[in-house]
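The values are calculated or read from the model by the stated rules, or taken from the named source; none is laboratory data. Keep in mind it's a predicted model, so treat the numbers as computed, not measured. A quick note on method: Cβ atoms are made from the backbone with ideal geometry, for glycine too, and the neighbour counts reach across all protein chains shown. Please note that ligands, DNA and RNA were not included when accessible areas were found on the heavy atoms of the full protein model with its side chains. Shrake-Rupley method; radii C 1.70, N 1.55, O 1.52, S 1.80 Å.
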Amino acid sequence: MKVWTVANQKGGVGKTTTTVSLGGLLAQRGKRVLMVDTDPHASLSYYFGIDAEALSHSVYDIFVHSSEMSADTVMDCLCPTKLDNLYVLPATMALATLDRTMGSEQGMGLVLKKALAKVEREFDVVIIDCPPVLGVLMVNALAACNKVIVPTQTEYLALKGLDRMIRTMEIMGRSLKKAFDTVIIPTMFDKRTNAALESRKRLMSDYGDRVWHGVIPVDTHFRDASQVQLPISAAYPRTRGVTAYAKLLQELEK
Ligand SMILES: Nc1ncnc2c1ncn2[C@@H]1O[C@H](COP(=O)(O)OP(=O)(O)OP(=O)(O)O)[C@@H](O)[C@H]1O
Ligand SMILES: [Mg+2]
């Protein structure tokens, strides 16, 4: 089972869109995919029409029952989507309290990793969507994965956020004794603007081969797809957004 974490401490850079787009493509190719929503704002859950506040089970349960967790505890929390093979482990607002209630407890950083190990045989790929803040949830998501995908909007301010994210991973990598396999992806790329071209150039020069050589272009179909609760590849298969994420997937699967 592959576990990919989509993270960036900067908000609105395309984390949830990347999670859904990659998840959709993989599921349509017959892979069994679990998308984990660790953002208390629950954008990923709402994307698929899951009302986070009306749920009886969510990823929060996994943290609360971390000591007596079984495969059933995890499977009971899953929600299907309109696509076969594509599941969501939804978030709730209550996740926002985790840092205060459990942040300092011993072993709290490995709860998600242990939970995913219980369902290892059920899925081919797990994609974890992170909130844009460093806290116990992002720490769990980073500890659980074999690859970190860092969407970065191609504009000046977003590059600052990226510096922070890369530093966070260095610190976490030292304490977890692991080197993150990191892929930075330029998102919302508008080739007509100078800002986009310049910031992509800077990305390449600052982060070298950690930067994916392709780009995710601006495409309004992403928003349209969210309105019909489908990944873009299922709603609008012949769009440049889909082509771009399919190329990225090829790279990630190498
Ligand atoms: N390539 C793109 N082209 C056009 N719009 C996009 C693109 N990627 C994302 N968007 C839109 O930008 C908005 C923010 O994207 P998204 O929710 O994926 O970011 P995020 O990093 O998950 O945000 P947050 O930090 O709040 O969780 C959404 O409305 C989404 O539809
Ligand atoms: Mg998001």
Those residues of the range 198-228 which are in a helix (DSSP H, G or I) and away from ligand 1 (no atom under 16 Å from the Cβ) amount to 198, 201, 202, 204, 205, 206, 207, 208, 209, 210
When you look at residue 241, is it open to solvent by 10 Å² or more (accessible area, probe 1.4 Å) and either without any contact (Cβ under 8 Å) to a residue 24 or more places away in the chain or farther than 15 Å from residue 8 by Cα (or both), yes or no? no
What tally of residues in the range 96-122 results from selecting those that are open to solvent by 10 Å² or more (accessible area, probe 1.4 Å) and either in a loop (DSSP other than H, G, I, E, B) or without any contact (Cβ under 8 Å) to a residue 12 or more places away in the chain (or both)? 12
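For residue 136, indicate whether it is surrounded by fewer than 23 Cβ atoms within 10 Å (Cβ to Cβ) and modelled with pLDDT under 95. Lay out the reasoning, then the answer.
Working: surrounded by fewer than 23 Cβ atoms within 10 Å (Cβ to Cβ): yes; modelled with pLDDT under 95: yes.
Against the criterion (surrounded by fewer than 23 Cβ atoms within 10 Å (Cβ to Cβ) and modelled with pLDDT under 95), residue 136 qualifies.
Residue by residue, here is whether (1) in contact with a Pro (Cβ under 6 Å, 6 or more places away or on another chain); (2) within 16 Å of ligand 1 (Cβ to nearest atom); (3) hydrophobic (A, V, I, L, M, F, W, C) holds:
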| position | (1), (2), (3) |
| --- | --- |
| 97 | no, no, no |
| 105 | no, no, no |
| 113 | no, no, no |
| 116 | no, no, yes |
| 119 | no, no, yes |
| 127 | no, yes, yes |
| 141 | no, yes, yes |
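Answer yes if at least one residue in the range 18-32 is within 16 Å of ligand 1 (Cβ to nearest atom), touching a residue at least 24 places away in the same chain (Cβ under 8 Å) and farther than 30 Å from residue 155 by Cα, and no otherwise. Quick ask: steps written out before the conclusion?
Narrowing the range 18-32 to residues within 16 Å of ligand 1 (Cβ to nearest atom): 18-25.
Next, from what is left, pick out any that are touching a residue at least 24 places away in the same chain (Cβ under 8 Å): 18-25.
In the following step, the residues that additionally are farther than 30 Å from residue 155 by Cα were identified as none.
The answer is no; no qualifying residue exists.
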Meets criteria (within 16 Å of ligand 2 (Cβ to nearest atom), at pLDDT 95 or above and within 23 Å of residue 214 (Cα to Cα)) for residue 182: no
Checking residue 85 against (1) over 16 Å from the mean Cα position of the chain (by Cα); (2) among the polar types (S, T, N, Q); (3) within 15 Å of ligand 2 (Cβ to nearest atom), which test does it fail? (3)
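Test residue 134 against the stated conditions and say whether it is of a type in the set (A, V, I, L, M) and within 20 Å of residue 174 (Cα to Cα).
Details: of a type in the set (A, V, I, L, M): yes; within 20 Å of residue 174 (Cα to Cα): yes.
Taking the combined requirement at face value, the residue satisfies it.
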